[in-house]
Amino acid sequence: MNIKTLQSLFLQRFVRDGALYASPGRVNLIGEHTDYNGGFVFPGAIDKAIYASVLLNGTDKVRAYAIDYDEYCEFGLREEDKPAEHWACYIFGVCREIQKRGYQLQGFDTCFYGDIPLGAGMSSSAALESTFAFALNDLLNLGIDRFELARIGQSTEHNYCGVKCGIMDQFASLFGKAGHLMRLNCATMEFEYFPFNPEGYKLVLLDTVVKHELASSAYNKRRESCENVCRHIAARHPEVKYLSDASTEMLKEVEKEVSDEDYMRAEYVIGEKQRVLDVCEALERCDYETVGEKMYGTHHGMSKLYEVSCDELDFLNEIAKECGVTGSRVMGGGFGGCTINLVKEELYDTFVATAQEKFAARFGHEPKIYDVVISDGSRKI
Ligand code: GLA
């Protein structure tokens, strides 16, 4: 599949030409499960995206064809028109969230496809939301800024897809810049671009190709734990709005008031805040050893305290360690998906081959390998 085929499929189905839009998936170097806790994240957009051809159709209906699923669906723009197809709910949610913000919407025709592996933790759903939020804003001249487009995607997840996610994925998809990572303070939405071109190193994703069921409810549960601990801390320290505002000392004060499990979750989040700041500082000195060490620290926290890893991910992390990879950790929400690895160029081939061989021997299939190319965010093509 490519843009040309997308165009001709659109033409065949809807007889006219649509406008073309793309929004990418993302990687995150460090800062995981910190976004909904008002902490820092450090993502970058990648060279894998959702591509859509979109054209207003003069009705109040959306007619959408998902090329990858070979599924077609029509739905209206009112709350009661929610489609049954899972993929269509993302588009529908974006339409609803735009309207809830007071903008007039119209029906449109669309065909879309993507090359972001599904369920791999590279945010294919955020890319889908960003594509349609960006396209509708452009086609209807709504004048919505990119921050609000990101919030539209996030609210779509909350209100139409059942995931109480943070803002990182939609932000990264909309604001991505080739060759740059972005450090975002999720409490204030202030962000900075960091050039990222670690000489002598490669970033590579190893995809376990497993996606554990109940990932969304487990994700939502983590968020509840964090909010619960935050409420206890805020009762003593009203200046604490988000868990990431709290210190380890503050956490210790409420140890007896919260469950052991919630305590561990909070311990991870508070630790992760410092790791992001340390990584940014290390990057400025081109100190990749420290960057890598913090990545392993995040993996340990996500596996043992936040408990969002799984056997496959832990196994890949161990192999990375054994091979002398500089940094490695589970990326994204967890419960399957990828590890992100910072690896010296001269080690790359051995690492990938070893991981493939050992992983296959243990789990019966090879992990998929994706080299990371940091790319631009949402755009009209
Ligand atoms: C998912 C969510 C994000 C973020 C990450 C974990 O990707 O969509 O908002 O919370 O998990 O960092």
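The values are calculated or read from the model by the stated rules, or taken from the named source; none is laboratory data. Because the structure is predicted, anything quoted here is derived from the model rather than measured. Ideal geometry is used to build each Cβ from the backbone, glycine not excepted, and the neighbour counts take in all protein chains shown.
Computed quantities for the displayed model
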read-out	value
Members of region 1-39 found to be surrounded by 24 or more Cβ atoms within 10 Å (Cβ to Cβ) and aromatic (Phe, Trp, Tyr), listed by number	Phe10, Tyr21
Set Gly102, Gly18, Gly58: member being more than 16 Å from the ligand (Cβ to nearest atom), without any contact (Cβ under 8 Å) to a residue 60 or more places away in the chain, more than 18 Å from Gln170 (Cα to Cα) and out of contact with any Gly (no Cβ under 8 Å at 6 or more places or on another chain)	Gly102
Test: residue in region 41-53 that is acidic (Asp, Glu) and within 27 Å of Asn185 (Cα to Cα)	yes
Residue in region 130-139 that is of a type in the set (Asp, Glu), in a helix (DSSP H, G or I) and either in the same structural domain as Cys338 (by TED's automatic domain parsing) or more than 16 Å from the ligand (Cβ to nearest atom) (or both) present	yes
Which listed residue is more than 16 Å from Ala64 (Cα to Cα), of a type in the set (A, V, I, L, M), within 16 Å of the ligand (Cβ to nearest atom) and outside the structural domain of Thr208 (by TED's automatic domain parsing), from Leu118, Leu142	Leu118
Number of positions in region 188-216 that are within 14 Å of the ligand (Cβ to nearest atom) and either more than 30 Å from Ala353 (Cα to Cα) or hydroxyl-bearing (Ser, Thr, Tyr) (or both)	2
Sole residue being under 20 Å from the mean Cα position of the chain (by Cα) and free of Cβ contacts under 8 Å to residues at least 40 places away in the same chain, chosen from Lys177, Lys211, Lys221	Lys221
Any chance Leu142 is in a helix (DSSP H, G or I) and farther than 30 Å from Thr208 by Cβ	no
Of the criteria (1) more than 16 Å from the ligand (Cβ to nearest atom); (2) in a strand (DSSP E or B), which one Glu346 fails	(2)
Conditions (1) within 16 Å of the ligand (Cβ to nearest atom); (2) touching a Phe, Trp or Tyr at 6+ places or on another chain (Cβ under 7 Å); (3) over 30 Å from Phe351 (Cα atoms); number of the one not met by Glu157	(2)
Among the candidates Asp169, Asp207, residue that is surrounded by 17 or more Cβ atoms within 10 Å (Cβ to Cβ), among the charged types (D, E, K, R) and not in a helix (DSSP H, G or I)	Asp207
Selection status of Glu357, buried (at least 17 other Cβ atoms within 10 Å of the Cβ) and of a type outside the set (S, T, N, Q)	no
